[in-house]
Amino acid sequence: MLKKIRGLFSSDLSIDLGTANTLIYVRDKDIVLDEPSVVAIRQTGNQKSVAAVGADAKRMLGRTPGSITAIRPMKDGVIADFHVTEKMLQYFISKVHDTNFLTPSPRVLVCVPCKSTQVERRAIKESAMGAGAREVYLIDEPMAAAIGAGLPVDEASGSMVVDIGGGTTEIAVISLNGIVYADSVRLGGDRFDEYIVTYVRRNYGSLIGDSTAERIKQEIGTAYPSSEMHEIDVRGRNLAEGIPRSFTLNSNEILEALQEPLSAIVQAVKSALEQCPPELASDIAERGIVLTGGGALLRNIDRLISEETGLPVIVAEDPLTCVARGGGRALEMLDKHGFELVSHD
Amino acid sequence: MNNEEQERQPEVLAEEWGARLTSVRESRSISIEQAAADLNLPTEYLRCIEAGRLEGLPSMVFARGYIRAYLKMLGIDGIDARVAEYVAIHGEGSSNGAIRPVSRVRQQVKMGDPLMKLFTWVFVLAILGVSIWWWQTQYGGFDATSAPEGEGIENASSATDAGDVVMLENGTATLALPTLDDSPVDEGLSNKAAVDEEQAELTEEERKALQDAIDATPKSAEAGAALNGSSQVLDVNADITISADFVAECWVSIKDGDGQKLFNNLRGKGQSVNVTGKPPLSILIGAADAVGSFRYNGATFDLAPFSNKNVVRLNLPVSE
């Protein structure tokens, strides 16, 4: 009852609860929140309290004293730490509501990886409920991504969407508002960072943090060899000497470092095309594959997939926010028509 | 003329935009087939882009992607600006953003639906109306005189029903008749609620018939009254007095016309009950044997016809 009253003062939300970033789309507005999914927990004695959430907490990653731990509560697209996720969602939900008069109790649509288990879905639902949502709907991430990218998902023609997120890569073939084939590879931007860290350690004998690896990836990372060469100066701790040392990395080295995860993604795309019914495959061959998610921003990744599959590949407009925007659209549809894409469990 | 120019303008702009791409491509001596093969795109799509036609392309979402890839391949700077230019010329496209459900699985009726709201209000008002009406008919509402007219007729009819035989025989018809016209409404009897018009008419006819009968036999009635010599006055509204003596232990319960308990207790040997109340009195006597004498308005009354297995249940005045 109280939730219903509080609901009157809340806006419907679509949340892209990603491994790397959490985005919130407020109905009839736009993306209002885009923050890293990081929570810093301060421990004093036996008591734990939230020190920072989002961008502030991310700055603390790898730079915390003993009393503070910066946690990424999502791993591989699903919840790794239930309570911390709940706290994080609670913080984000209250942040997007201006009023402090009542605790907001919005209807929430959360995007989940298509291959997530019932347990993982339930965890996401429960944690959204715990964060104050009065109703929680779940939608498959690739479906939300396709809607957000503006693909004609309601038409009787196949569209293929590859959503390369922080923790997972979702590949789906969609037709008539339904997923014909979907696959989820637990491989994404985070894994790219790990491979870069490993590469640097192996070839330069230096240790770099995840944040540095991410910066390297964003600045010079590439997925396909090109004539342009980019370089970056990096500082890391030399393993042999134990002292921080500076060295230079170039884009070809990063390409080499990322070979393994990239080929896994390409392989998944290929196997999706293999599994796809012939009619839909011909639609896809004609129009191409659409890339969304943060991974789509990796330089030349469209070129790589295009070369490997021989199909046109395009990167969606604003790939980072596709999922959240798509979820928002689905939420609007939900009220008008009872959209069949959204599920309660 | 001016209008025509404006209408043509987007097409001209689109052609110019495409022509620039063609010139860049030709300056790099790349054939359109070569470019298409490089991008894994059908040559037709590239021709459409260069001719500034959107119709040949799947939709704006894909067109934007193709153009982006093409511009990148040609090594043109400011890709975003160029794409934005293209979108500005052609618009967002109709298919963008028009996602519909395949089938309307369940059309949700929201509580905010005006029809639903109206229905709810009508229902609530109806319930309220019925309960007020019931309360008024049951307890007379704020004022007994405000009772509907139909009830007066009903009362009259019940009075006349009883009167047809009894009153004529007992010679009380002359007393009973005035109650039809100017008696205040008896609340106790009025819970036979709805009186439809037919019944009202019927009682009206009955009343007339009764009036005729009385007119025809006034003498016999008066004679009957004189013969009977009874002092019983069956005014429907006059209070009734009951007294009883008991020769053994007995349970007695007496309720008046309002349903109020006038007496509800055990009486022993030699004890008596004396009660006056609004008619009709509903009387329950646990043991008929235990009653020594029973007087109704002062006259002795025989309980035997009302006794069933030694338990007496009766309403006074007795209606046939």
query = Would you pick out the residues in the stretch B:71-84 that are under 18 Å from A:Glu228 (Cβ atoms) and either surrounded by 14 or more Cβ atoms within 10 Å (Cβ to Cβ) or among the β-branched types (Val, Ile, Thr) (or both)?
reply = B:Leu71, B:Lys72, B:Met73, B:Leu74, B:Ile76, B:Ile79
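Tell me, please, whether a residue that is surrounded by fewer than 19 Cβ atoms within 10 Å (Cβ to Cβ) and touching a residue at least 12 places away in the same chain (Cβ under 8 Å) can be found in the stretch A:135-148. Walk me through how you get there before you give the answer.
Step one: filter the stretch A:135-148 for residues surrounded by fewer than 19 Cβ atoms within 10 Å (Cβ to Cβ), giving A:135.
Applying the additional criterion that residues be touching a residue at least 12 places away in the same chain (Cβ under 8 Å) yields A:135.
The answer is yes, given that some residue of the stretch A:135-148 is surrounded by fewer than 19 Cβ atoms within 10 Å (Cβ to Cβ) and touching a residue at least 12 places away in the same chain (Cβ under 8 Å).
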Matching residues in the stretch B:77-96 - criterion: being hydrophobic (A, V, I, L, M, F, W, C) and in contact with a Phe, Trp or Tyr (Cβ under 9 Å, 6 or more places away or on another chain) = B:Ile89
request  = Restricting attention to strands (runs of 3 or more DSSP E) lying wholly within the stretch A:230-305, give those where 2 or more residues are closer than 25 Å to B:Lys72 by Cα and touching a residue at least 24 places away in the same chain (Cβ under 8 Å).
outcome  = A:244-250, A:289-292
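Give me the helices (runs of 4 or more DSSP H) completely within the stretch B:1-92, filtered to those with at least 3 residues that are closer than 19 Å to A:Asn300 by Cβ, ordered by residue number. Working first, answer last.
Values: elements: B:2-27, B:32-39, B:43-51, B:60-74, B:79-90.
Result: B:32-39, B:60-74, B:79-90.
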ask   = Of everything in the stretch B:43-61 that's farther than 20 Å from B:Leu13 by Cα and surrounded by fewer than 18 Cβ atoms within 10 Å (Cβ to Cβ), which residue is nearest to the other protein chains (Cβ to nearest Cβ)?
value = B:Glu44
ask   = Of the conditions (1) in contact with a Pro (Cβ under 8 Å, 6 or more places away or on another chain); (2) without any contact (Cβ under 8 Å) to a residue 60 or more places away in the chain; (3) crowded, with 18+ Cβ neighbours inside 10 Å, A:Gln90 fails just one. Which one is it?
value = (1)
ask   = If you go through the stretch A:154-212, how many residues are part of a loop (DSSP other than H, G, I, E, B) and among the hydroxyl-bearing types (Ser, Thr, Tyr)?
value = 2
ask   = Does A:Gly310 count as surrounded by 21 or more Cβ atoms within 10 Å (Cβ to Cβ) and within 26 Å of B:Tyr70 (Cβ to Cβ)?
value = no
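Can you tell which of A:Ser282, A:Ser227, A:Ser263 is surrounded by fewer than 15 Cβ atoms within 10 Å (Cβ to Cβ) and within 23 Å of A:Ser157 (Cβ to Cβ)?
Working: A:Ser227 fails: within 23 Å of A:Ser157 (Cβ to Cβ); A:Ser263 fails: within 23 Å of A:Ser157 (Cβ to Cβ).
Being surrounded by fewer than 15 Cβ atoms within 10 Å (Cβ to Cβ) and within 23 Å of A:Ser157 (Cβ to Cβ) holds for just one of A:Ser282, A:Ser227, A:Ser263, which is A:Ser282.
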message = Just checking, does the stretch A:309-323 include any residue being farther than 29 Å from A:Leu13 by Cβ and either more than 8 Å from chain B (Cβ to nearest Cβ) or part of a helix (DSSP H, G or I) (or both)?
response = yes
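Every read-out reported here was derived from the displayed coordinates using simple, explicitly stated rules and does not represent laboratory data. What you are looking at is a predicted structure, and each value in this text was computed from that prediction instead of being measured. As a convention, Cβ positions derive from the backbone with ideal geometry for all residues, glycine included, and neighbour counts pool all protein chains shown.
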